[in-house]
Each structure stands twice: as structure tokens, then as C-alpha cells.
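Shown next, in C-alpha cells, is the structure this report addresses.
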Amino acid sequence: MGNKQTIFTPEQLDAYQDCTFFTRKEILRLFHRYRDLAPQLVPPDYRDKPDVTLPYELIGSMPELKDNPFRQRIAEVFSEGGDGNMTLDDFLDMFSVLSEMAPRDLKAYYAFKIYDFNNDDYICKSDLEKTVNKLTRNELTPEEVSLVCEKVIYEADVDNDGKLSLEDFQHMITRAPDFL
Amino acid sequence: SCYREAQLFVEKFEGALGKGKGKKFYAYKVMMTKKWMKFQRDFENFKTACIPWEMKIKEIESHFGSSVASYFIFLRWMYGINMILFGLTFGLVMVPEALMGKPYGSLPRKTVPRAEEATAMNFATLWDFSGFAQYSVLFYGYYNNQRTIGWLKFRMPLSYFLVGVGTIGYSFMIVIRTMARNANEEGGGDDTSFNFSWKMFTSWDYLIGNPETADNKFASITTSFKEAIVEEQESRKEENIHLTRFLRVLANFLALCTLAGSGYLIFFVVRRSQKFALEGLENYGWWERNEVNMVMSLLGMFCPTLFDVISSLENYHPRIALRWQLGRIFALFLGNLYTFIIALMDEINLKARYLLPFIIFNMQLGKDEDFQQLEEEKIVKYNMTIWEASLYNGTIPENSTAPPIQVDPADVPRGPCWETMVGQEFVRLTVSDTMTTYITILIGDFLRAVFVRFFNYCWCWDLEYGFPSYSEFDISGNVLGLIFNQGMIWMGSFYAPCLPAINVFRLHTSMYLQCWAVMCCNVPQERVFKASRSNNFYMAMLLFILFLSTLPAVYTIVSIPPSFDCGPFSGKTRMFEVISETLEHDFPSWFGKVFGYASNPGLILPFILLMVLSIYYLNATSKSYKEANLELKKKLQSVRNR
């Protein structure tokens, strides 16, 4: 398209295009969204690769994420330090995986990480309980919650260790019609 | 780092991976695919946006569950049917007569009689659908029996007849088609192997950016979990079979007693009212005069609650309990109606306000009616000849062909027009039914909610948890009301073409009023359950009512002579003669001969036999397909679990 932009070097843009599923225009648009969150922190010129991290509170206030019950986990999974503060790379990564162009197995991999609250590479019963409570905003009684969690483990746990491993999760989620 | 490696790898194998030479065409292909996907998605969005009231129903579904929402989906479906019926009656019957028929005042049947003229424009008269409303395209009596009208040579009587038959035929077709489609879906993929897991991990929609939508989504997820939990609890219940069976038999016995009791009560009350009428109604107060109405309404209000209490003995899955409830209330209404008719058998009271028994009553006394009507008509015709003779003042002998004296149509004496009377009764019944429903909603739900909310502070016990608390949405009552209302429309639309129009208006306002009332004044049920995926139970009841409602209309078309003085069939001995008349005049003669051969009973009976046999055959094959389907599913399950 030939419009001169001074935010990235051409190599940087190419790199971003290869690493994520976005086109040039979309990457630039995402950069502007990132910058709008904190104009004083983010420099308009990324050619010298500044090391800028936005805190989780700003990311969580984006309209796309504000109402999502899992926004904290999403930010934690995609941030480098696991604390929710994201650089531009993390930001682009996150939206790339969540976009519709990402393949299902990639999404399944990241979904597993999001639902694994204690980061032990297994989804155990307490992780499930936290998930259900976040989904229903604590409207269900504790007996109902534990019934649901037991049913989930019963349904999806193939290797019978009482918790869901990545293979169990993938085996279950790839059959789901609604997984997007 | 990892990225660097990948880049080197790609550069090495550039050609094989489609970059470089084939780049332009590849990029073009990708762009076209993207654009096509986007277009498809936009089109799907557009199609979904076109479905009326979808947002309202989704909102109700997320807060109250799929069973309450299924009522509103049913209501919307009925609205669609009524729109089509309205289109047929309006476009093919009312509009041609209004545009091309003789205008108001040109014929006696189209004019308000002199005696009623003074009150014809009053609101009270119009609300009662007499006066100007009666003598208009809204009712049967207005239509002229000219074979063709206007410069288009539009065949009015034929159109009236065909639209009447066509509305019934279309309704049958669409109900059966919907039942067949629902039956197909039910047998299809019922994969519940990962039910709970999917609910947990895939129900949140990551594209939601609006807080209100998020609220709805949370509510719907919670409701969906609760529904699934109920299903799970039901399947886990430990049943003491003997106790349960005994309790169920007991409950059915109690229900039968209730039905018998209400039937007997009605019989008793009707006999009593006949006794009152014989002794003169002036001697009795308001209760005795309206005893029958009041008793029937009270029974209709309290017996369903009684059935509800009885059903708690039975301990069924809530969905099955709903079906039993619907079936019992249905039996209650039908039983009441029939006892009413039987009690009236010996009373020839044509002015009874319950037109439903009037028509069925008509059927049973068919022969006597014929005779009575002919007698009445003869009397009127005789009166008219005397009246005409009086006009001539005896100056001109009867056999001469003098020009008729111009008489204002309002002064001509009229014959009885039972079709318009019947139509009017149906319209009045529909209107009063609508008013009753709306007032019940406003008082029963809204005022009650206001009372509970604001008087809770200064009341002795907790109004919100104890009595009366907020009301729940009564699914069975509303569904039955809708079905019976539609039955009345089907029955009456032959005599009053305005009925579908009134019903469309009523359903439209009902939708908005009930949606508002549900969200504002009702609370969800204790045990939210998932409606059955098909609505076949509602459809079956609708089909039954459709069949019952078309019987009177068909009977009158075939057996009762139309009024001689009003309507598009006046002058004929039977209404269906318009068909044979059309065949004679408008079709070539060989067509009439063929039709005559085809309608020979000797041909029709074997044809009916053939149809019955083919139904049996298709039924047998479909059963065997279903079994084969189940076998295959089981095999699939066992393969997957391995």
C-alpha cells in the first residue's frame, strides 16, 4: 500500500506478520489500541524496540475484556512474567490466539493454560470449582458446584487420575461444536 | 530465537511453501476466501436480526430457562401462522369486496336497518360489533352473492369459499409439517457424552463487550447449569418402585374424582338455572342470573391449582409433570364443555352466550334446525311479499312488469342472518377473552408484585418468601389459553373474515405485554428444567383442537342451507354448490365430466384404502430405520470409548 509509517521498521512488521495471524493493517490498528490505553507510557516509535510494559489494570479495562470473567487469567497466561503486565508482543500474541484465524488446537492449548488456575499443568478439582464460580458469579450452591465438578472429571478424565491433563482436555474440547 | 530458526527454515524451503513465485495468486485466493467468509457471516447476522423478537426471547431464556422461553417461541410461531391467515382473508376476501363490490347502502344487506340507525355509530354499539361494524366487510352478511364483481370479474363467492377451506387446509399442513420436522430433529445427534465439560469450558462467549449482554450471558449460563443439574439429579434418583407406583395411581384417581366432581357441579348448576329461567329471572339476584358463568370461570381458576397440588404426589421429572398437567387441564375444559352441552340438550335457547356449544349443538340437532330455519324463512318471505304489495298500494296487478318502486334499502325488512350472528359471537368472545387475560396479568402479576414489594416493610410476615410472594410464570395455563384461542379463530373465521386480523393484533400486543410482565413481575421457578427440544406435545394438542374446530364449519358448509338474505351464498341450497356452479360456467365441459367421474364413491373408497395402507407401510419402515439408527449409535459409542 506504500503509506509511510514510522512506528515499526519493515523487518519488525514482517516479523509480526509472521508470528501472528494478523495483516499489516491489523497490526497497526492493534498498536494504536495498545497505545490508547496509556499514551504517556507507550512511545509512538517502536523502531528501537523499547521495553514497555502496561500493568494489568489497564489491559483489564479494555471494553473487549472488561466483562469477561477470565480476563485476569488471560492476561496472566499471555504475559511474560505471569503477572498480567503485558508488553506489546504479549498483547499481539494474545489477540492473535483469540482471533478467528487461529487454528483450534492452538486455541485448545491456550485455553487449557487459562483454565489451569494454579499453573501445575493439570486442571484439578479446585481449578474447576473456581471456573464454575467465575462463570455463574457464585450463584450456585456449593453442593451444586461440587456436583458439576465431579461430573466434569467423570466425563473427561480418560487416564483416571482425578484431574484433567492436556491430552484429556484436548480430547474433550476438539469434539465440542461450540469451541471457538 | 525460536522465531529466527523458523524464518531461516522458511527461507530455505521458500519455493515449496508457496511463497515467492506463486505469491500473488496465493494471496489473492486467501483474500477471496476471507471476503467470502466475512460475507457469509454478515448474511447470517442479517438473517438472525430479521427474526422478530429474538432479543426479547433470548433475554427471557437466560433468566427463566428454556421452558418459559418455549412458550414465547410457540407464541411467535402462532403469530406467523395468523399473519398468513390474515393475508389470505384480507387480500382475497375483504379487499376485493371493499374495492369492487357494491358500496355501502346500495343493497338491503349492506345497510343498517332504519330501526337501528340512531344508535349505529355509538361506541357502545361498535364495541359490541353491531351497528356499522356489523354491516361492513368484517362479517359474512355484507357480502353479495353476485357471481362476479367489478371489471376484473372477480368471483367473490368462489373466493370466499376457497379462502375458508384454504385457511383450514393451510393450518393442517403447517401443523403437521412442523410436527414432522420436530420428530426428525429429535432423533438426530443427541451427543451428551461431554455435556458438563462443554458447558463449563465453552459456554462463555469471548466476543461479548457489553455489560448488559454479559449479565444475560451469566444468567443463561447459571440457568443452563441448573437445568443440567436437575437432569442429573433426576437420573440419579433412587426409586422405590412400588411406593411410587402406588402414589401415582392415587394421584390419577384423585384427578379423575376432581374431573367428575366438576362435571357434576356444572350439570347441577345448569339445571338449576333452567329452573330459574322458568320461574322468571326478575325474582333472583345477580348471583342466580350469572351462576353458570361464574361457576365455570371459578372451576377454570381453581381446578388447575388443585391438579398442581396432586401432581406433587407423583414425583415426576418436571417436564413430564408439565405434560400431565396440560393433559389434565385440557380434559377439564373439554369435560366441562360437554356436560354443559348435554345439560342444555332439551333447552332450545339459541341466544346462549356460549357459541361453542351452540355450533356443536347445531350439529346434533341438525335435522330439526333445517326444518326450523326453512319455516322461519318462509314466514319472512311471506312478510316481504305483503310489504311489497303494500308499496304498490294495489294499483298495479301482480303479473305486469311495471318498474319496481325505488325504496331506500334501510327500510326493507330483513331475513335472519345466522352466519353474521355466529361471527359476531365469536368476535365478542375473542375480545372478552383478550380483555380477561390482560386484566388477569395486570392484577394477578403486576399489582401483586407491587403489593409484595412495597408492603413488605410494614407487614407481619415476610411477604416475599411466604404468601403471596412473587408469582411464577404459568406455562401450562398460558399455552392452553393460546391453543383454545386459536381454536376459536379457526372456528369463526369462516363467518367473520375480520377474526384473523383481530387475532394478529391481539398476539402482537400479547407478546409485548407478556414479555414485559415476565421480566418485571415474575420469578423463575424453583427447579428450572429444559424444555423438550421439540414442541411436539403442544403441536399435538393444537392439531386436536384444529380438528375439533373445523368440524362445525365443515358441517355447516355441507349440511345447512345458507341464509337466503345475506352473504355470498344466499340463494343456494348448500354452500358448496358454488364449486359446481364454477365448474359449469368457467371450465370446459369435459372438465366437469372428469370431475364427476373422479368424485364417484366407487373411486374414492379404494383411494382412501390405499392411503391407509401406505401410512401403515411408512410407519413400519420408519420404525425399523429408528432402530437401525440406535444400533449404529451404540456401536459408535463403544468404538469411541475403546
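The values are calculated or read from the model by the stated rules, or taken from the named source; none is laboratory data. None of the values given here were measured: they were computed from a predicted structure. As a convention, Cβ positions derive from the backbone with ideal geometry for all residues, glycine included, and neighbour counts pool all protein chains shown. Just so you know, the surface numbers come from the protein's heavy atoms only, side chains and all, with ligands and any DNA or RNA stripped out. Shrake-Rupley method; radii C 1.70, N 1.55, O 1.52, S 1.80 Å.
Things worth noting here:
- Filtered residues of the range B:430-458 (kept if without any contact (Cβ under 8 Å) to a residue 60 or more places away in the chain and within 17 Å of B:PHE505 (Cβ to Cβ)): B:SER432, B:ASP433, B:MET435, B:THR436
- Residue ID - nearest to B:LYS34 (Cα to Cα), chosen from residues in the range A:50-63 that are part of a helix (DSSP H, G or I) and of a type in the set (A, V, I, L, M, F, W, C): A:ILE59
- Every residue from the range A:53-99 that is closer than 19 Å to A:VAL42 by Cα, buried (at least 19 other Cβ atoms within 10 Å of the Cβ) and among the aliphatic types (A, V, I, L, M): A:LEU54, A:ILE59, A:ALA75, A:MET86, A:LEU88, A:LEU92, A:MET94
- Looking across the range B:547-602 at every residue that is assigned by the TED database to the domain that holds B:MET156 and β-branched (Val, Ile, Thr), the one that is surrounded by the fewest Cβ atoms within 10 Å (Cβ to Cβ) is identified as B:VAL558.
- Selection count where residues are open to solvent by 20 Å² or more (accessible area, probe 1.4 Å) and of a type in the set (Ser, Thr, Tyr), scope the range A:100-144: 5
- Filter result (away from chain B (no Cβ under 12 Å), of a type in the set (A, V, I, L, M) and out of contact with any Leu (no Cβ under 8 Å at 6 or more places or on another chain)) within the range A:3-37: A:LEU13, A:LEU28
- Residue in the range A:127-165 that is farthest from the chain's Cα centre (by Cα), counting only those that are at the interface with chain B (Cβ under 7 Å from one of its Cβ atoms) and not hydrophobic (A, V, I, L, M, F, W, C): A:GLU144
- Pick from the range A:56-75, criterion in contact (Cβ under 8 Å) with a residue 12 or more places away in the chain and closer than 27 Å to A:ASP14 by Cα, ranking: nearest to the chain's Cα centre (by Cα): A:ILE74
- A:LEU164 being hydrophobic (A, V, I, L, M, F, W, C), open to solvent by 10 Å² or more (accessible area, probe 1.4 Å) and either free of Cβ contacts under 8 Å to residues at least 24 places away in the same chain or not assigned by the TED database to the domain that holds A:PHE31 (or both): no
- When the range B:88-114 is filtered for residues that are part of a helix (DSSP H, G or I), open to solvent by less than 40 Å² (accessible area, probe 1.4 Å) and small (Gly, Ala, Ser), only B:GLY91 remains.
- For the range B:219-252, the tally of residues that are surrounded by 13 or more Cβ atoms within 10 Å (Cβ to Cβ) and under 26 Å from B:SER62 (Cα atoms) stands at 16.
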